[in-house]
Amino acid sequence: MNPEDDKKSWWTKCITQNGHFRGVAIQATSLVEEIAARHSLSSEGRSGLGEALIGTLLLVSGVKKGERINLNIRGSGIFRQALVDAYPDGRVRGYLLESEMKEGLGIEAGPWGAGILSVLKTQDTEGEQPYIGNVPLATGHLAKDLTFYCLQSEQIRSAIGIKVEVKGDRVIAASGFLVQAMPGASEELILEMEERVNNAAAFSEEVGGHFDPTQVLSRLFETEPFLILEEKQLQFECRCDRNRVERALLLTGTVELESILMEEGGTHVTCDFCCKEYHFNEQDLKGLISQTKA
Ligand SMILES: [Zn+2]
């Protein structure tokens with residue numbers, strides 16, 4: 001095996017030959033570790049962020065080029081919120097906020113607890129309305145709640161599995177799969193598929209860090225022939241830059257900027273997604289203030 005293979009994160013997309021099901025499997029250990037390492041999170045937090053990243057990638061694997069998925073989960077469990085952005089070309093970024101009080105939270109409800117899962121689908125094309133789907137967190141387990149979202153909001157029967165393993169502060173395994181029924185798949189075929197997926201659910205235990213997407217799809221589809229549609233490398237990318245941060249600062253208005261200048265003499269803004277810091281000194285602030293007055 002090529003040693004470089006260890007560092008790769010990718011998805012494999014397929015469709016069954018009869019056109020009744022589509023599937024995608026993701027190996028994202030290195031990607032989740034890379035993103036989690038940017039944030040100071042507990043080991044549970046790393047695992048929660050990994051789940052949210054993989055869940056969003058699974059959803060975005062089915063959208064058209066030019067669209068973007070933003071997953072926003074607000075929970076009452078050990079995680080307070082996760083926000084993830086992803087594109088169908090495999091770019092992703094995200095962050096997670098942990099609950100300050102972890103004691104006393106019922107773990108039977110799942111790590112995300114109760115709350116709301118929102119999926120925002122936007123398009124690059126001007127004038128296109130964004131699509132927003134909201135579902136309550138029914139179980140507090142992300143894979144199950146995403147399955148519910150697909151059914152409730154998009155009327156698509158799906159099976160989703162997500163697995164993230166963290167040892168100390170390192171992500172040692174992160175993977176997931178999604179199988180969806182296509183229009184025209186009969187109830188009988190769907191039930192058969194669901195049973196196969198449930199039977200295969202234990203497989204993620206054994207594969208762990210060596211999760212191979214194509215092998216996993218073969219396990220899920222068993223004797224059903226399928227065609228590989230795409231194998232794509234996944235990568236972290238944050239779109240923040242100084243111009244965007246400046247625009248955000250300008251929106252705070254003259255009064256606020258003047259008070260920052262008076263009291264602090266400068267400021268810095270940290271991007272929630274990548275943790276990059278943008279510094280603004282006295283001169284920068286004066287420049288921004290004169291822009292707000294222009
Ligand atoms: Zn950023």
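What follows is calculated from the coordinates using simple rules that are stated; it is not laboratory data. Everything numeric in this text was worked out from a predicted model, so none of it was measured. Here the Cβ is made from the backbone with ideal geometry for all residues, glycine too, and neighbour counts use every protein chain on show.
How much mean residue ellipticity at 222 nm does the chain get from its helices, if each DSSP H run of length 4 or more adds -39500 (n - 2.57) and you divide by all residues, to the nearest 500 deg cm²/dmol?
-10000 deg cm²/dmol
Can you tell me what share of the DSSP beta bridges in the chain is antiparallel? A percent to the nearest 5 is fine.
Roughly 95 percent of the DSSP beta bridges within the chain come out antiparallel.
Where the Cα atoms of the stretch 222-292 are projected onto their three principal axes, how long is each span, largest first, in whole Å?
71, 19, 16
Spelling out what I want: for every residue of the stretch 137-154, take phi, set θ = phi - 60°, compute 6.51 cos²θ - 1.76 cosθ + 1.60 (Karplus), and round to whole Hz; glycine and proline get x.
6, 7, 10, x, 9, 4, 4, 5, 5, 5, 4, 5, 4, 4, 6, 5, 9, 10
Starting from a Cα-only point model with no solvent, please compute log10 I(q)/I(0) by Debye for the stretch 18-99 at q = 0.13, 0.16, 0.23 1/Å.
These q points yield log10 I(q)/I(0) values of -0.41, -0.60, -1.06.
Per Stokes-Einstein, at 4 °C and 1.567 mPa s, what whole-number D in µm² s⁻¹ belongs to the stretch 134-198, with the Kirkwood radius over Cα pairs as the hydrodynamic radius?
Calculated translational D: 98 µm²/s.
List the aspartates and glutamates whose alpha-carbon lies under 20 Å from that of Lys13, not counting same-chain residues fewer than 8 positions away?
By straight Cα distance, Lys13 reaches Asp5, Glu51, Glu67, Asp85, Asp89, Glu154, Glu194, Asp212, Glu222, Glu224, Glu230, Glu231.
Kirkwood Rh over Cα pairs of the stretch 142-273 into Stokes-Einstein at 4 °C, 1.567 mPa s: D in µm²/s?
The diffusion coefficient I find is 68 µm²/s.
What is the extension gain from Asn18 to Glu154, computed as 0.36 nm multiplied by their sequence separation minus the C-alpha to C-alpha distance, in nm to one decimal?
Going from the current span to full extension adds 46.8 nm.
How big is the Cα convex hull of the chain in projection, averaged over all directions, in nm²?
Projected over every direction and averaged, the Cα hull of the chain covers 18.7 nm².
Points 7 angstrom from Cα along the Cβ direction at Glu277 and Leu229: gap in nanometres?
According to this spin-label approximation, the distance is 4.5 nm.
By the 4.7 Å beta carbon criterion, which cysteine residues of the chain come out unpaired?
Cys14, Cys150, Cys275
According to the Kirkwood expression over distinct Cα-Cα pairs, how big is the hydrodynamic radius of the stretch 32-167, in Å?
Across the stretch 32-167, the inverse of the average 1/r is 15.1 Å.
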